[in-house]
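These notes concern the structure reproduced below.
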Amino acid sequence: MNDIRRTILWVIFGFSMVLLWDQWQIHNGKKATFFPGATPPAVTAAAPAAAKPGLDSGVPNAVAPAAPVAGAIPAAAPAAPVTPKVRFDVTTDVVKLTFDTEGGSLVRAEFLKHIDMANKSHNFVLLDDSKIGIYLAQTGVVAGTTGGSFPTHKTPTTVTGPRTLADGENELVLQFTSADVGGIKLVKTYTIRRGAYDIAVKHTLTNTSAAPIAPQLYLQLVRDGNKPAGESSFYSTFTGPAVYTEAKKYQKVEFADIKKKKADYEKTANNGYVAMVQHYFASAWILPEGVERTFSLDGVDIGAEMADCCYRATMVAPLSTIEPGASKSMDATFFAGPQEEKKLEALAKGLELVKDYGWLTILAKPLYWLLDQLHTVIQNWGWSIVALVLLLKIAFYWLNAKAYASMAKMKAVNPKIMEMRERLKDNPQQMQQEMMRIYREEKVNPMGGCFPIMVQIPVFIALYWVLLSSVEMRNAPWALWIHDLSSPDPYFILPLVMTLTTLLQTALNPAPPDPMQAKMMWFMPLIFSVMFFFFPAGLVLYWITNNILSIAQQWIINTRMGVPPQFNLPKFK
């Protein structure tokens, strides 16, 4: 019975991991690893322009506070002078930003503190506008109930302000000013701070016409549908847009669902943000609480060279009526940077959810907090992982002790069980009755070791997601040859150690009398271990630590109960 229980646990655990991994791949738009089916294309075509006014221009439709208003927005403002667009860089201590005078858009963001894992001689680039990828942050003005054509992200602007954050200065201010278009002059002011990945963006609209105007401000992120370069094929994280509101909380949306027009998300709110999310990094447009806004996710054409390439996440906010000669302003925040949980929490409510732990967020967040506190003391993420697993083992010591004590009792009676099975192998019914009699006399519960272990599984899965999602692991060294906890061990030493410790755990268990069970007991750990040859070193380190501590505890408990540990090597005859 002990052998059957162990075999069932291994099979359930291993097969569950396979199914979870397979569905994870499908969920994130990748081909299934074990059960392949139809895979949605990474780069998809947008809907026909006729079906969505304003699509070709990349400018959103005008919307009222709660419902769409008919009317398309032209690609560029007709009244604006023809001015060649100019791109220029602005550099701070943490980021190099590229702006375009066409619309005052942000078209590139290079992070000076994060290297590109696919090419470690370069810095990581999130936003980009090149043949390699499209990822842009744009804003502009569209018509409200009064109609009209106003400055958009296609409208030429003039710019003033410094290009580099000077020594001793904590911020720099750029100001983009449009011409008078449709009776509106737009001034867009970016305030970029030292050490920050968030930018304050103020939009000031002046009514230069003789009639009242009720315009609307749009903020959008435009991105191609490709996965980030260099992402592992052995594990996948979400890439795509997300919408956050108080009512529906954090809603991820697949690119494939946008293409099929099956995207499900909250459309209107007076709070929240729109974001584009990928592994370790994200961007988001944030408006102040209380401002009415409408969300939309759709496809967009951005030009002849990259037609039908991209998706956009848009947030539109109506402004109250602007009287002739008057001005109105609306503040917004743009974030583009690493998913550093504490900084995201401080920036906007719910923004930390772009660091996606999935359904185990309630467990993962306190685990990350504890890991971060340990790192504050230890100052090494690798040793912090070891310390965290040790603390979890201490926390679950009595649960593990009960499980291992039950296993030790099963191991003690296993010779009787094996002898009885051999003696009664031709009488299965009597064998079962005799087995239950032995368990009653020895006061052994065959399932006594299952529940304590099952209780801990969600905690360790949550820790797995913490380590996989935390940008702090990126390019973080541990010791010796491990210089990056987010990348696989270059020499496969850690995966080999993990495989050996997993097999050692298996060898400490009683050898099942059934040859098929014996094979399963050894093949499942091997199959499971193979995946870890391609997993980040931080994840493998966590698993090795857990294995070693489990072996030590099992060894001590067996010895105390008078069941000397012994290694049961496989017999596949």
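Candidates in the stretch 185-215 are the residues that are closer than 20 Å to K85 by Cβ and of a type in the set (A, V, I, L, M); of these, the one that is most open to solvent (accessible area, probe 1.4 Å) is V187. Take the conditions among the aromatic types (F, W, Y), in contact (Cβ under 8 Å) with a residue 24 or more places away in the chain and within 22 Å of V316 (Cβ to Cβ) and apply them to Y235. Does it pass? Judged against the criteria, Y235 is not a match.
Yes/no matrix, rows are residues, columns are (1) open to solvent by 20 Å² or more (accessible area, probe 1.4 Å); (2) outside any helix (DSSP H, G or I); (3) within 25 Å of K188 (Cα to Cα):
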{"site": "R223", "(1), (2), (3)": "no, yes, yes"}
{"site": "S232", "(1), (2), (3)": "yes, yes, no"}
{"site": "A282", "(1), (2), (3)": "no, yes, yes"}
{"site": "G290", "(1), (2), (3)": "yes, yes, yes"}
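The one condition from (1) assigned to a loop (DSSP other than H, G, I, E, B); (2) within 31 Å of the chain's Cα centre (by Cα); (3) crowded, with 23+ Cβ neighbours inside 10 Å that I132 does not meet is (3). In the stretch 245-264, the residues that are at positive phi reach residues that are of a type in the set (G, A, S) and open to solvent by less than 90 Å² (accessible area, probe 1.4 Å) with C-beta atoms within less than 9 angstrom, at least six apart or across chains, in these pairs: K249/G350; K261/A47.
In the stretch 152-165, is there at least one residue being touching a residue at least 24 places away in the same chain (Cβ under 8 Å) and in contact with a helix residue (DSSP H, G or I) (Cβ under 9 Å, 6 or more places away or on another chain)? Looking for residues that are touching a residue at least 24 places away in the same chain (Cβ under 8 Å) and in contact with a helix residue (DSSP H, G or I) (Cβ under 9 Å, 6 or more places away or on another chain), one finds none in the stretch 152-165, hence no. Consider F534 against the criteria (1) at negative phi; (2) modelled with pLDDT under 75: it satisfies all of them except one. Which criterion is unmet? So F534 meets the others, but not (2). Filter the stretch 135-182 down to the residues that are among the acidic types (D, E), closer than 20 Å to L97 by Cβ and assigned to a loop (DSSP other than H, G, I, E, B), then identify the one that is most open to solvent (accessible area, probe 1.4 Å). So, considering only residues that are among the acidic types (D, E), closer than 20 Å to L97 by Cβ and assigned to a loop (DSSP other than H, G, I, E, B), the one most open to solvent (accessible area, probe 1.4 Å) is D167. On inspection, T294 passes the criterion of being of a type in the set (S, T, N, Q), open to solvent by 10 Å² or more (accessible area, probe 1.4 Å) and part of a strand (DSSP E or B).
The values are calculated or read from the model by the stated rules, or taken from the named source; none is laboratory data. This is a predicted model, so every value here is computed, not measured. Glycine also receives a Cβ, built like all others from the backbone with ideal geometry; neighbour counts cover every protein chain displayed. Side chains are part of the model used for accessible areas, which takes the heavy atoms of the whole protein and leaves out ligands, DNA and RNA. Shrake-Rupley method; radii C 1.70, N 1.55, O 1.52, S 1.80 Å.
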